[in-house]
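To keep things clear, I will list the structure first and then write my remarks on it.
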Amino acid sequence: MGHKKNVGIVYVESGQASKSELAHNFSLIYKTNWPWLIRKLDEWTYLVKFPPHIPVEQVAGYPMFGLPEMDGVTVKVKAWKGDLEHYGELQKVWIQLRGVAPA
């Protein structure tokens, strides 16, 4: 995501939306030709870099909002401070290879 500045986590509260659908609808909402950088975190969560003239804190102030060209899809935005929830912990693993030349 480049710099952590002006990045938000977008939660799809109802319905389903892909990265391209989010980018298209955000362009319609904010009337911008911004090249939306969107990274999918899981099925309903995306990391989105907002344009510099739209502060993500301002967008995060809305409880949730619908997407104009997608009926039944609502999203919620939270400002991202650079941390992500971890899914698990690293484990030490030993493996033994056979039939491989030592050189």
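The values are calculated or read from the model by the stated rules, or taken from the named source; none is laboratory data. These numbers were taken from a predicted model, which means no experiment stands behind them. All Cβ positions, glycine included, derive from the backbone under ideal geometry; neighbour counts span all protein chains shown. Quick note on the areas: whole protein, heavy atoms, side chains included, nothing else; ligands and nucleic acids left out. Shrake-Rupley method; radii C 1.70, N 1.55, O 1.52, S 1.80 Å.
Numbers for the structure displayed
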read-out	value
Residue that is farthest from MET64 (Cα to Cα) [pool: residues in the range 31-41 that are part of a loop (DSSP other than H, G, I, E, B) and open to solvent by 100 Å² or more (accessible area, probe 1.4 Å)]	ASN33
Test result for LEU47, of a type in the set (A, V, I, L, M) and part of a helix (DSSP H, G or I)	no
Residue within the range 82-89 that is open to solvent by less than 100 Å² (accessible area, probe 1.4 Å), within 20 Å of GLY8 (Cβ to Cβ) and in contact (Cβ under 8 Å) with a residue 40 or more places away in the chain present	yes
Residue within the range 27-50 that is among the small types (Gly, Ala, Ser), without any contact (Cβ under 8 Å) to a residue 24 or more places away in the chain and in contact with a strand residue (DSSP E or B) (Cβ under 7 Å, 6 or more places away or on another chain) present	no
Odd one out for GLN58 among (1) part of a loop (DSSP other than H, G, I, E, B); (2) free of Cβ contacts under 8 Å to residues at least 24 places away in the same chain; (3) not aliphatic (A, V, I, L, M)	(1)
Residue within the range 17-30 that is open to solvent by less than 20 Å² (accessible area, probe 1.4 Å), polar (S, T, N, Q) and either more than 24 Å from GLY82 (Cα to Cα) or under 17 Å from the mean Cα position of the chain (by Cα) (or both) present	yes
Qualifying residues in the range 42-74 (those that are farther than 12 Å from GLU13 by Cβ and in contact with a helix residue (DSSP H, G or I) (Cβ under 8 Å, 6 or more places away or on another chain)) - the one most open to solvent (accessible area, probe 1.4 Å)	GLU69
